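> Handing you this structure, nothing more for now.
The values are calculated or read from the model by the stated rules, or taken from the named source; none is laboratory data. Predicted model, so just to flag it, every value in this text is computed and none were measured. For accessibility, only protein heavy atoms count, side chains too; no ligands or nucleic acids. Shrake-Rupley method; radii C 1.70, N 1.55, O 1.52, S 1.80 Å.
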Amino acid sequence: MAERPEDLNLPNAVITRIIKEALPDGVNVSKEARRAISQAASVFVLYATSCANNFAMKAKRKTLNAGDVMAAMEEMEFERFLQPLREALEAHKKGLKGKKEASEQKRKDKEKKTDTEEHDKSREEEDDEEHMDEEQEAENEAEEVEN
């Protein structure tokens with residue numbers, strides 16, 4: 001838990017960005033208003049977390065999940081935010097899936113490249129050995145001719 005109440009506040013940069021995205025251009029927000037919005041947002045997050053935690057505890061779980069948050073939003077009478085929240089959660093899941101697939105593809109490409117490099121290296125070693133064998137044979141033939 002936080003030791004001081006101000007530790008529970010959201011970062012000012014985040015609050016400012018959210019406010020700018022929510023308001024039309026040209027609308028100014030005072031420092032006091034940003035502070036009030038920041039505190040209200042922190043209280044909302046704490047309340048939503050507490051409600052979601054109650055659902056997790058009823059289910060005898062220690063981990064909150066998206067379903068707990070959805071149920072909490074409904075209990076707090078924020079039903080109108082459920083659909084946008086579901087959509088945002090789905091977009092987040094798709095983004096994670098895309099990142100995971102990209103990471104997996106990158107890993108496969110790296111393995112393929114490593115395999116190709118190893119194959120090329122072993123082929124070079126074989127060629128070097130054949131070349132050395134040919135040189136040795138040529139030297140042996142030259143010695144035989146001299147003798």
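> Could you please let me know if Ala40 is at pLDDT 95 or above, among the small types (Gly, Ala, Ser) and in a helix (DSSP H, G or I)?
Judged against the criteria, Ala40 is not a match.
> Can you tell which of Arg123, Arg80, Arg107, Arg61 is modelled with pLDDT of 85 or more, basic (Lys, Arg) and assigned to a helix (DSSP H, G or I)?
Within the list Arg123, Arg80, Arg107, Arg61, the selection yields Arg80.
Here is a yes/no grid of residues against (1) open to solvent by less than 90 Å² (accessible area, probe 1.4 Å); (2) among the small types (Gly, Ala, Ser); (3) modelled with pLDDT of 70 or more; (4) within 30 Å of Asn53 (Cα to Cα):
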{"residue": "Gly67", "(1), (2), (3), (4)": "yes, yes, yes, yes"}
{"residue": "Pro84", "(1), (2), (3), (4)": "yes, no, yes, yes"}
{"residue": "Ala91", "(1), (2), (3), (4)": "yes, yes, yes, yes"}
{"residue": "Ala102", "(1), (2), (3), (4)": "yes, yes, yes, no"}
{"residue": "Thr116", "(1), (2), (3), (4)": "yes, no, yes, no"}
